[in-house]
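Working notes, beginning with the structure itself.
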Amino acid sequence: MSYLLHIDSSSLGEASVSRQVARSFRDRWQGPVVHRDLAASPVPHLTAAGVTARDTTPDRHTPEQAKAQALQDELIEEFVGAGAYLFTVPLYNLSMPSAFKAWLDQILVMDRTFTHTGAAPASGRPALLISARGGSYGPGAPREGMDYLVPTLETVLGHDDLLGLDVTTVTPELTMAPHAPALASLLPLHEASMTAAHEQARALATDFGTARAA
């Protein structure tokens, strides 16, 4: 039976809004889950040994290459074995947490998780990307267009030439409104965004489960 692969990357633990919205999804999800918390147990950044091991036959691996290859094999097999995906990736400094980028670099391997000559192994499988942010970056916001996380991940995770997942994105916004006096007037917008995010997460868990059972 395939499982949900849940990749967490927020540094805030239970205080993380991304994790809280993910919990709404998980509470509704029916089925097995493999959970990898990159904040609690980060994977190492990709090294020269990890890159060169991909193009070197195992019998010629150095000890460093063999260790790096073993890690990539573990992460890739875990990724490919899933039937659905939940990514909790908050917006840090306009981009993704480095822990998530490190994981992504380890699993993006030509002819293993993606190919330019056909469908990727996980192509078409449902994925939810939850990305909380302290402000707002949508149309009309002062920082419109400065979100460099969602466009990047929707491309890497969802493009047919890359991982090819069927990605839905949920972005609970203005998470600093309850904490920053200067943003107090935006608190109703934050609360509405949170309500909508939790409702979307619960609905998508049901939708993913229905698709999985079909």
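When the chain is modelled as a GNM with alpha-carbon springs shorter than 10 Å, which of A203, A48, A132 fluctuates the most? For the chain, modelled as a Gaussian network with Cα springs under 10 Å, the answer is A48.
Calculated mean residue ellipticity at 222 nm for the chain: -12500 deg cm²/dmol, from DSSP H runs with n ≥ 4 weighted as -39500 (n - 2.57), summed, divided by the residue count and rounded to 500. What residues of the stretch 1-19 lie in the reach of a label at A119, counting those whose backbone N is under 20 Å from a point 7 Å from the Cα along Cα→Cβ? Output list for this probe position: 1-5. One chain, two ends: L12 and D111. Fully extended at 0.36 nm per residue, the span grows by 32.1 nm beyond their Cα-Cα distance. Extension gain for S98-M176 works out to 26.0 nm (0.36 nm per residue, less the C-alpha to C-alpha distance).
An oblate overall shape is assigned to the stretch 154-214, the ratio a/c of its alpha-carbon gyration tensor axes (a ≥ b ≥ c) being 1.5 or greater and a/b not exceeding b/c. Pairing the Cα long axis of helix 17-28 with the longest principal axis of the chain, what angle in degrees results, from 0 to 90 and rounded to the nearest 10? For helix 17-28, the angle is close to 80 degrees. In degrees from 0 to 90, rounded to the nearest 10, what is the angle of the helix 187-213 Cα long axis to the longest principal axis of the chain? The two axes meet at around 40 degrees.
Sorting K67, K101 on solvent-accessible area from highest to lowest, probe radius 1.4 Å, gives K67, K101. For the chain, a Gaussian network of Cα nodes joined below 10 Å ranks D27, D73, D59 by mean-square fluctuation, and the top entry is D59. Counting only protein heavy atoms and a probe of 1.4 Å, the accessible surface of the chain is 55% carbon and sulfur.
Normalised per residue, the accessible area of the stretch 65-156 is 41 Å², obtained with a 1.4 Å probe and no contribution from ligands, DNA or RNA.
Which of these, E191, E199, E64, has the largest mean-square fluctuation under a Gaussian network model of the chain (Cα springs below 10 Å)? Of the options given, E64 has the highest mean-square fluctuation. Model label sites at E199 and T57, defined 7 Å from Cα along the beta-carbon direction, differ in position by 6.0 nm. Ordered from largest to smallest accessible area (heavy atoms of protein chains, 1.4 Å probe), the residues V43, V34 come out as V34, V43.
Spatial offset of the stretch 120-170 relative to the stretch 77-117 amounts to 12 Å, using the alpha carbon center of each.
Contact order, relative form, for the chain: 24 percent (alpha carbon pairs under 8 Å, 6 or more residues apart, mean separation divided by residue count). Once the Cβ-Cβ distance of A141 and D27 is raised to the sixth power relative to R0 = 35 Å, the FRET efficiency obtained is 0.70.
Where in the stretch 121-141 does the label zone of V34 land, with the point 7 angstrom along Cα→C-beta and an amide N cut-off under 20 Å? Those under the cut-off are 121-130.
The values are calculated or read from the model by the stated rules, or taken from the named source; none is laboratory data. What you see is a predicted model; the values in this text were computed from it and never measured. For neighbour counting, all protein chains shown are included, and Cβ atoms are generated from backbone atoms with ideal geometry for every residue, glycine included. Just the protein is used for accessible areas: all its heavy atoms, side chains included, with ligands, DNA and RNA removed. Shrake-Rupley method; radii C 1.70, N 1.55, O 1.52, S 1.80 Å.
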